[in-house]
Amino acid sequence: MSFKIKPLRDRVLIQQLEETPEKVGNLYVPDTAKEKPQIGKVIAVGTDEDLQKTVKAGDKIIYAKYGGTEIKYDGENYIILSADDILAILG
C-alpha cells in the first residue's frame with residue numbers, strides 16, 4: 001500500500017490500535033476516564049537508515065504515553081513519533 005504521508009529522518013507514522021471496551025461490573029468505563037492506548041501499528045518509516053533496519057511498516061510497537069504528534073488524515077487518526085518515543089516492538 002502506498003501511503004501519501006512520508007515521515008522524515010527519524011520519524012515513524014503509526015496508527016493507534018483501539019483497545020477493547022472496558023467494563024467495571026455492569027458499567028462501561030467512558031472514554032474520558034480511559035488511559036490513552038500505547039500500542040500502535042507502524043504505517044510508514046522515515047529516511048533514517050538505522051531506523052529502517054529496526055522498524056518496518058506493519059510492526060506493532062509500544063510507544064511513550066505522551067509521545068508524538070496526533071494528526072487526522074482521510075478520516076483516520078495517526079501519530080507521528082520520534083524514534084526515541086518507541087519503547088518496544090511486539091513480536
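Details
- Extension gain from LYS56 to LYS72, taking 0.36 nm per residue of separation minus the Cα-Cα distance: 3.6 nm
- Net charge of Cβ neighbours under 12 Å - reference TYR78; Lys, Arg +1; Asp, Glu -1: +1
Quick note: the coordinates plus some simple rules give every number you see, no bench work behind them. Just so you know, these numbers come straight off a predicted model, no measurement behind them. Cβ coordinates were reconstructed from backbone atoms using ideal geometry, including for glycine residues, and neighbour counts include every protein chain displayed.
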